[in-house]
Structure formats: C-alpha cells, structure tokens
Amino acid sequence: MGRGIIRNTPLAWAAGNGHEEVVKLLLGRNNVNADKPDQDGRTPLSWAAAQGHEGVVRALLGRNDVNPDKPDVGGRTPLSLACYRHEGVVKMLLGRDDVDPDKQDESGRTPLWWAAYCGRGEIVKLLLGRDDVNPDRPDDYGQTPLSQAVLYGYPGVVTLLQSRKSAADGAA
C-alpha cells in the first residue's frame, strides 16, 4: 500500500515542477515559508534540485531563510539529490560555503557515492575537484563510490575515482 498523496505547499509544487515565475511570485509574499519541508522532510529547494530546475534553485538560494544543506528524513540534502543527473545545480550548490559536499545521509552515502552510483562522470569530476570530499568513504554497508562504479559498469567513473590516490590505493 502506498504512502498516499504527498502533502506539499504551493511553493514546493511550483519548485518541483520548475515553474520559476510562480516561485518568484510566491517568494514575494510575506506569509510563505520558503524552507518548509513536506512529510518526508523535502523542502522546495530539495524538490527543485532533484528535478534540475536551475532558475528555481537560483531563486531559492537567493533567500536568507533557505538552508541549502537541509537534509530530508533520509538525510539526503539538495546536493545529494542533484547528484543523480543535474550538473548545473551541483555547480551552484558546490559554489556555496554553507553546503557540505561530503555530508552523509542516513545510510552513510555521500553526494559522491550517489554520483558514482548513477554513473555521472562530470558530477564525479566536480566533487573530486574538492579537497573536502573523501572518495573512499564507505556507506553503512561498506560500499564506496568506487565499488558502485565498478558494480554498475561505469569505466569513466572508475578511472576518475582511481585518479585520486587514496581511491586507487583502496582498489588494490
């Protein structure tokens, strides 16, 4: 049996569907909580990041009352959600000092883990360009970003991960 309808705010619906002009209209109101989570802890920013709506993400990040690193109930942040396939959103979030690029979710998975799992080489490259990202961090089941890239057959991602000395050492 399903969980039922996701109860969301108008802002979250607009953000998740990429309706940038509607988002801007709603953000102009005094009675709109721009960071209000739904029952799964996902905020309007989380919804927009997961769908790759760069204009909406930019509008939300322009607000002081939006936490760009706020995790949902599973510990997934807007960055980890964007790592599935949205390089532009990842770049925006990585450009902020208040986003932890190596933050683990409830299963110990980091944004790099998710990018490797999805075979997103350009996103893996962005994350590996940061000194504050550990390419060898295992999740709660002992799986690393490298093990995910190997398991799902992403040779380009394997090569990128091995280019970081510690990842290469861990594969030996």
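Each peptide in 30-37, 59-66 was scored by the mean count of other Cβ atoms within 10 Å over its residues; highest first, the order is 59-66, 30-37.
Note on the chain: GNM, Cα springs under 10 Å; of ARG109, ARG58, ARG130, the largest mean-square fluctuation is that of ARG130. Sequence-ordered 3J(HN,Hα) estimates for segment 138-147 from the Karplus curve with 6.51, -1.76 and 1.60 and θ = phi - 60° stand at x, 7, 5, 10, x, 8, 9, x, 4, 5 Hz, glycine and proline given as x. With neighbours defined as other Cβ atoms within 10 Å of a residue's Cβ, the residues HIS86, HIS19 order from fewest to most as HIS19, HIS86.
Each of ARG96 and VAL22 was given a label point 7 Å from its Cα along the Cα-to-Cβ line. The distance between the two points is 2.3 nm.
Kindly put THR9, THR159 in sequence by how many other C-beta atoms sit within 10 Å of each C-beta, fewest to most. Intermediate results must be reported in sequence, preceding the final value.
Values: THR9 17, THR159 12.
Lowest to highest Cβ neighbour count: THR159, THR9.
Only the Cβ atoms of Lys and Arg (+1) and of Asp and Glu (-1) were treated as charged; on that basis the dipole of segment 1-77 about its Cα centre amounts to roughly 140 debye.
Where a number appears in this text, it was derived from the coordinates with a stated rule and is not lab data. Quick caveat: nothing in here was measured; it's all calculated off a predicted structure. Please note: Cβ atoms are built from the backbone with ideal geometry, for glycine as well, and neighbour counts cover all protein chains shown.
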